[in-house]
1. Could you tally the net charge around residue 78, taking each other residue with its Cβ under 14 Å from the Cβ of residue 78, Lys/Arg +1 and Asp/Glu -1?
2. How many angstrom lie between the C-alpha centres of the range 236-301 and the range 366-383?
3. Under a plain spin-label model, where a point goes 7 Å from the Cα along Cα-to-Cβ, how far apart in nm are residue 115 and residue 272?
4. What are the equivalent ellipsoid semi-axes of the chain, built from the alpha-carbon gyration tensor (square roots of five times its eigenvalues), in whole angstrom, biggest first?
5. Roughly how many nanometres apart are two label points built 7 Å out from the Cα toward the Cβ at residue 305 and residue 290?
6. Please report the carbon-and-sulfur percent of the accessible area for the range 17-382; probe 1.4 Å, protein heavy atoms only, DNA, RNA and ligands left out.
7. Using only Cα atoms, tell me the angle between helix 17-29 and the longest principal axis of the chain; keep it within 0 to 90° and round to the nearest 10.
8. Through the Karplus equation 6.51 cos²θ - 1.76 cosθ + 1.60, θ set to phi - 60°, convert the phi angles of the range 309-322 into ³J(HN,Hα) values in whole Hz; use x for Gly and Pro.
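The values are calculated or read from the model by the stated rules, or taken from the named source; none is laboratory data. A quick note: this is a predicted structure, and the numbers were derived from the prediction, not measured. Virtual Cβ from ideal backbone geometry, glycine too; neighbours counted across all protein chains shown. Calculation scope for accessible area: heavy atoms of the full protein, side chains included, ligands and nucleic acids excluded. Shrake-Rupley method; radii C 1.70, N 1.55, O 1.52, S 1.80 Å.
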Amino acid sequence: MQKVNKFLPLSKPTLSEETIEDVVKVLRSGWLATGPMTQRFEEMLTEYFRGRTAMCFTSATAGLQAALMSIGVGEGDEVITTSMTFAATANVIAMLGAKPVFVDIERDTYNIDPNKISNACTSRTKAIMPVHYAGLSVNLDPIYEIAQRKNIRVIEDAAHAIGSGYKGRRIGTFGDIQVFSFHPIKNMTSGEGGCVVSNSKNEQRFLNLQRFHGIDRSIWDRFSKNASCYYDVVYPGSKSNMSDIQSVIGIHQLQEVERLNARRRELADRYREAFAGMSDKISVQGIPAYDFVHSGHLFPICILDESKKDDLMMFLKENSIGSVPYYTPVHLFSYYKDTFGYKEGDLENTEYVGKRIMCIPLYSALENHEQDYIIDTVKKFFI
Ligand SMILES: Cc1ncc(COP(=O)(O)O)c(C=O)c1O
């Protein structure tokens with residue numbers, strides 16, 4: 001085994017020298033807030049999503065919340081989602097006074113089980129919010145079919161899914177609303193940030209008001225040379241607009257993301273191959289029958305003997321390898337138990353997976369010999 005002399009984190013961004021130089025240019029430009037770079041980044045994203053409008057926010061969390069508000073989710077409503085996700089997915093629902101209704105996942109793909117959604121719908125259901133977990137696209141056709149039948153909307157939490165595909169189409173190029181994250185752990189970053197993709201002019205207008213104080217003009221408009229600096233406030237909006245410092249990073253990353261994702265997928269295939277002979281100890285994310293493209297955001301593994309998961313994570317740490325238990329099912333966090341009455345035993349597959357799941361390093365700059373070291377260390381643990 002080739003020696004690795006540094007800590008191998010779960011993830012890290014790959015930023016080019018040109019990116020760093022262009023950030024410095026923005027810093028020297030005198031305009032740091034939302035401005036020409038953000039306008040350019042949004043145009044590029046809109047092109048990437050085949051003409052569907054992309055609007056940048058300070059985070060996917062802010063974007064998800066604004067998206068829910070844009071379709072009228074509020075007090076007393078219900079939104080169907082998965083518990084195998086980061087807390088943000090459910091928090092944004094709860095923050096609006098609505099109830100996250102958790103539907104169980106498929107035990108092999110770790111994605112929401114579309115067959116269990118219909119039964120969870122009530123007269124209060126306003127939306128379905130599936131998560132493309134780890135970058136594996138959810139089986140969307142049956143979900144959109146249910147949404148259409150019940151006259152409710154779909155907001156895809158696509159935080160992991162930049163570059164993912166479903167039945168020959170890129171996630172974000174079809175459907176209702178998609179929300180992507182550009183947090184530094186993600187496949188592409190803008191430092192922090194996210195974007196909401198939607199086709200509806202009404203939703204876009206609301207998103208624009210929500211992200212900037214309910215002012216119905218962009219800040220860039222107001223400060224450019226020939227514009228009037230007066231404005232009107234038409235809604236008590238929030239403040240979650242992206243800065244040009246973030247956007248210039250995003251502009252570079254978006255041009256790189258397909259190449260970076262290809263490398264992630266290559267590494268994921270190497271993991272799959274390496275663990276293929278250990279199916280009595282480790283299971284990897286299942287491959288659905290439909291055509292899909294995985295973004296390669298995370299590489300989750302399930303440790304079949306659940307009592308060994310924490311020991312393996314500790315062993316990896318002792319050997320300078322990062323790992324995380326993504327995710328602890330959200331319905332088992334105190335707030336969700338105390339507020340909505342969720343309890344152990346509610347979601348069989350989510351809890352089975354939650355006890356066993358952990359993610360190991362996956363990022364485009366990970367070198368083959370570093371990955372071999374990770375694989376060998378995992379194997380060593382089980383010997
Ligand atoms: C599934 C999921 N949804 C939403 C978010 C929130 O993203 P952000 O950190 O950009 O707010 C994350 C972040 O990790 C996530 O993993």
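1. Values: positive: 99, 124, 126, 150, 153; negative: 75, 77.
Combined, the nearby Lys, Arg, Asp and Glu give +3.
2. So the two Cα centres are separated by 20 Å.
3. Taking the two extended label points, one gets 2.3 nm.
4. Details: eigenvalues 240, 152, 59 Å².
Over the Cα atoms of the chain, the semi-axes work out to 35, 28, 17 Å.
5. 3.8
6. Within the range 17-382, the accessible surface is 50 percent carbon and sulfur.
7. With both axes taken from Cα atoms, the answer is about 30 degrees.
8. 4, 5, 5, 5, 4, 5, 4, 5, 4, 4, 9, 6, 10, x
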